[in-house]
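J.: Can you keep this structure in mind? I'll have questions shortly.
The values are calculated or read from the model by the stated rules, or taken from the named source; none is laboratory data. Note that the structure is a prediction, hence the values are computed from the model and not measured. Neighbour counts run over all protein chains shown; Cβ positions are idealised from the backbone, glycine included. To get the accessible areas, we keep the full protein, side chains included, count just its heavy atoms, and leave off ligands, DNA and RNA. Shrake-Rupley method; radii C 1.70, N 1.55, O 1.52, S 1.80 Å.
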Amino acid sequence: VFLQLQVHGFSDSVGETNDEMAEHYKIIDSICNGSVKINGSNDNLNSYITSSNSVRRGSGNGGVCLLGLTGLRNLGNTCFMNSAIQCLAHTPEIVDYFLGDYQKEINYENPLGLNGELALAFGDLLRKLWAPGGIPVAPRMFKLKLANFAPQFSGYNQHDSQEFLAFLLDGLHEDLNRVKCKPYLEAKDAEGQPEEEVAEEYWRNHRARNDSIIVDLCQGQYRSMLVCPVCNKVSVTFDPLMYLSLPIPSTTMRTMTVTVLSTDGSTMPAPFTVTVPKYGRFQDLIDALSTKCFLRNHEKLLVAEIYRSKIFRVLDEPSDLLGLIRDEDKLVAYRLPKDSETPSLVLFMHERKEESCHLGRLSLEWKIFGTPLVGRLSDLTNGSDIRKLFLKLLDPFLMPVGDDSDFSDEAGKIDNGDSIVEDVTSSRVSDNDAVSDSSEAGDEPHLSDDFQFYRLDSIRPTEIKMNEPLSISDFAKPLTIHVQWAEKMIEKYDTCLLSSLMEVCKPQLFTRMPPESVSLYKCLEAFLKEEPLGPEDMWYCPRCKKHWQASKKLDLWRSPDILVIHLKRFSFSRYFKSKLDTYVDFPIDDLDLSNYVCCKNSQLSNRYVLYAISNHYGGMGGGHYTAFVDVSCVYSFHICFL
C-alpha cells in the first residue's frame, strides 16, 4: 500500500539542498535499497520515506522533515515507559506492521487479551510518533489501556523498564494472536529421541497456540536441562525465549578473613584470608575457604557470625549475597563430618564471673565470654559424655607448664600479614592433670571445682548431672549447653586465645579500587552456567519420586530476529537492595552468538547489530530513564538493550 503524506509547514518548491542532510538521506536510501536489510520487510516504512523525500527540502530556511523523531511527554514517573516505547517505535518490523493493516489480525476472542484495545492504543500511538511534523505526544490513552492489562502500572509509581516491556510485548501478543482457538497439546516423553526432533516438536506445539507478529520477531527458544543429584536422571525441555536477562558477574575482588575451628579438639583455631568476588555469593566463600584450609573430602564447613560471644546467625544459604557480611563482622567456620546431622551437634557457650555495678553496688555475675565451640555426639548416654566432649574441645587451649602469662601473650599473637596463628609446640599440662579432669566426670563432689553445665530449655537453667541419663527429646534440635567456668579453670586454659577473633577485613585508608569492567560475552556465560536450584525451587525427580535440589543448565537453541537483552543491574536480597555500576563492554556492529547457540542447523543468522538502548541513570532511591536510537542504521537494527 502506497501512502501519500501531506506534510504541513513545508513548501512544495525545491530549494537549495543541505549537503550534510543530503548525505544523511543518502545513507538511509542505501539502507532502504537492501544493502544491510536484515530479516524483515520495510514496505510500509519505505512508503513513509518515499513520501517524505519529496518534501524534505524546504524553501527559505531549508527545513527538513525527519519522520519518527517525536518525543513522548512524561506524565509523572513514566520515563520507564517512554524509553521502552521509543525503542519499539524505532524497530522497523514493528513500525512496518503497525503502519499497515494490522487491525485484521486483532483477536477479539482471546480471554488472555484486552479485545484488541492495547494493540489499537499502541498502533495509534506509533502512528502519531511517525506522523510528519508531529509534536511531542502525551501517551495517556495508551497508559490507561496498559493498566487494564497490567494493573501494577496504574498510577505514577516508578517501575523497571524491562518489566514494562515484558508486559507490553505479552499484551500485544495476546491481542494479535492469530490462533482463535488454541488446541490442547500434551507433551510427549522425549527420552531417547534426538534433541533436534524434540526441539522442533516443542516449537511446533508452541506456534500452534501462539502465532503473532511478536512471536515472529521477538521469540526464540532455549534448552533447559535438569540433572538429579541422586540418580543422575536427566530431564530436557525446550521453552520459548522472549528476552535474555543476563547477570553481571563481578570482577572486583574482596578479601575476607574467617577463623576455622575443629570440632574434635585436634587443632588450634586458625584464621584464613581468602579472596572472593565482591558481589559474590556465600557459596563462593565456602569454596575458597575449603581450598585454603585444605578441607578433606569427608568434611564440610559450618560458617557462622559471632556477636558478643554468641552465634548471631548461621550462613547456611549458598545463594545469599556476600554483601550481607560487613568488614567489621567476625566469622568462624566449624569443620564437621559430611554425614553429621544438625540435631547431633552440641553448642558450648562459656560463662565466667565478672564484676558488675548495679545501683551503685558491685556484685559478681555470670557473663558470656569467648568463642562458642561446636562438637558432635553420636551416642549420648548421660551428662558425663557432654563433659568429656567439652574437655576434648578445650584441649588445644591448655596452658603449658611454666609461666602462664607469657604463654598467653605468645598464643594470642596473630600475624596480621599472613593471618596465621602461631602454633604453640611447647609442652601442655601434664597428663596426670588431664586424666584427673576426665576421671572427675563420674565423681560428683569434685564437679563444682571446674565446670558446671546448664541447659536453657526452660524458664530457669537446668543443671546437667553427670550420672543422669539424657532423654531422647534432647536430640530434637541442636543441643545448647552453657558452661560455667571456675577461676582455676580460667587460669588453666588460654582464654585469650579462646576469645580472639579477627574481623572479616580491617579497613585500609587511602585505597582506591580500579573501575570494574566486564564484557557482554562474560555476562552471557554467567547466564548459561550450570548452577544448583534453590531450596524453594526443588525439582521432583520422576525416577526417585522425591524432590531434590537438582542442577540446572540453560542453553540457547534458537535465536530470535530481534533480540532483547536485559542487564540485571538491580540486586536484591533479604536485607537490602542496590544497583551495580559495573561497566559492561558490548559490541555495537557485530554481536556474534554463533558459539552460544546449540542448534547448528538453523538457517537464521546469529549475528546482531545494536540499534536501541533503554538506559537508567541514578540509583535505587531514584533515577531517570532515557532512550538512545541509532537512526543511521534504523533499517538494520537487530538488538535492543535494557
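J.: State all residues of region 273-291 that are part of a helix (DSSP H, G or I) and not hydrophobic (A, V, I, L, M, F, W, C); if no residue qualifies, say none.
T.: Initially, region 273-291 is screened for residues part of a helix (DSSP H, G or I), giving 282-291.
Within region 273-291, GLN283, ASP284, ASP287, SER290, THR291 qualify.
J.: Please identify the pairs in which a residue from region 115-136 that is at positive phi and open to solvent by less than 10 Å² (accessible area, probe 1.4 Å) has its Cβ atom under 6 Å from the Cβ atom of a residue that is assigned to a helix (DSSP H, G or I) and not β-branched (Val, Ile, Thr), counting only partners at least 6 apart or on another chain.
T.: What qualifies is GLY116/ASP175.
J.: Another question, if that's okay. Of the residues SER363, SER309, SER344, which is free of Cβ contacts under 8 Å to residues at least 24 places away in the same chain and within 25 Å of LEU456 (Cα to Cα)?
T.: Just one listed residue meets the conditions, SER363.
J.: Output the number of residues of region 256-267 satisfying the condition of being at pLDDT below 90 and in contact with a strand residue (DSSP E or B) (Cβ under 7 Å, 6 or more places away or on another chain).
T.: 1
J.: Which of the residues belonging to region 307-334 are in a strand (DSSP E or B) and either more than 27 Å from GLU530 (Cα to Cα) or open to solvent by less than 40 Å² (accessible area, probe 1.4 Å) (or both)? Don't jump to the end; show me each part of the working.
T.: Kept after step one, since they are in a strand (DSSP E or B), are these residues of region 307-334: 307, 310-314, 321, 330-334.
Residues satisfying the conditions are TYR307, LYS310, ILE311, PHE312, ARG313, LEU321, LYS330, LEU331, VAL332, ALA333, TYR334.
J.: Can you confirm whether region 342-350 contains a residue that is surrounded by fewer than 18 Cβ atoms within 10 Å (Cβ to Cβ), over 36 Å from the mean Cα position of the chain (by Cα) and either part of a strand (DSSP E or B) or β-branched (Val, Ile, Thr) (or both)?
T.: Step one: of region 342-350, the residues surrounded by fewer than 18 Cβ atoms within 10 Å (Cβ to Cβ) are 342-343, 347.
From what's left, over 36 Å from the mean Cα position of the chain (by Cα): none.
No, the conditions are met nowhere in region 342-350.
J.: Which of the residues spanning region 266-291 are out of contact with any helix residue (DSSP H, G or I) (no Cβ under 9 Å at 6 or more places or on another chain) and buried (at least 16 other Cβ atoms within 10 Å of the Cβ)? Write out each step before concluding.
T.: Narrowing region 266-291 to residues out of contact with any helix residue (DSSP H, G or I) (no Cβ under 9 Å at 6 or more places or on another chain): 270-271, 283, 286-291.
Once the filter is applied, which keeps residues that are out of contact with any helix residue (DSSP H, G or I) (no Cβ under 9 Å at 6 or more places or on another chain) and buried (at least 16 other Cβ atoms within 10 Å of the Cβ), region 266-291 yields ALA270, PRO271, GLN283, ILE286, ASP287, ALA288, LEU289, SER290.
J.: May I pose another question? Can we say ARG281 is over 30 Å from CYS496 (Cα atoms), basic (Lys, Arg) and not assigned by the TED database to the domain that holds LEU554? Spell out the reasoning first.
T.: Details: over 30 Å from CYS496 (Cα atoms): yes; basic (Lys, Arg): yes; not assigned by the TED database to the domain that holds LEU554: yes.
Yes, satisfied.
J.: Pairs under 6 Å by beta carbon, first residue in the same structural domain as ALA84 (by the TED database) and among the β-branched types (Val, Ile, Thr) in region 94-111, partner modelled with pLDDT of 90 or more and outside any helix (DSSP H, G or I), six or more apart or different chains?
T.: Listed by first residue and then by second, the contacts come to ILE106/GLY116.
J.: A further question follows. Can you pull out the residues in region 137-181 that are among the basic types (Lys, Arg) and open to solvent by less than 60 Å² (accessible area, probe 1.4 Å)? Give the derivation first.
T.: Filtering region 137-181 down to residues among the basic types (Lys, Arg) leaves 140, 143, 145, 178, 180.
The answer is LYS143, LYS145.
J.: Only strands (runs of 3 or more DSSP E) wholly contained in region 539-642 count here; list those with 3 or more residues that are among the polar types (S, T, N, Q), modelled with pLDDT of 90 or more and surrounded by 13 or more Cβ atoms within 10 Å (Cβ to Cβ).
T.: On the way: elements: 539-541, 546-548, 551-558, 563-568, 570-572, 577-579, 583-585, 610-618, 623-629, 639-641.
Those strands (runs of 3 or more DSSP E) do not exist here; none qualify.
J.: Follow-up question, since we're still on this one. For region 219-241, enumerate the residues that are surrounded by fewer than 19 Cβ atoms within 10 Å (Cβ to Cβ) and in contact with a Leu (Cβ under 9 Å, 6 or more places away or on another chain).
T.: If the condition is that a residue be surrounded by fewer than 19 Cβ atoms within 10 Å (Cβ to Cβ) and in contact with a Leu (Cβ under 9 Å, 6 or more places away or on another chain), then SER224, MET225, LEU226, LYS233, VAL234, SER235, VAL236, THR237 are the ones that fit.
J.: When both residues are 6+ apart or on different chains and their Cβ atoms are under 9 Å apart, which pairs have a first residue that lies in region 147-168 and is part of a loop (DSSP other than H, G, I, E, B), and a second that is among the basic types (Lys, Arg)?
T.: Between residues of region 147-168 that are part of a loop (DSSP other than H, G, I, E, B) and residues that are among the basic types (Lys, Arg), the close pairs are SER154/LYS143.
J.: Six or more apart or on different chains, Cβ atoms under 7 Å: show the pairs whose first residue is in region 186-209 and open to solvent by 40 Å² or more (accessible area, probe 1.4 Å) and whose second is among the charged types (D, E, K, R).
T.: Close Cβ pairs (under 7 Å, with a partner that is among the charged types (D, E, K, R)) amount to ARG209/LYS182.
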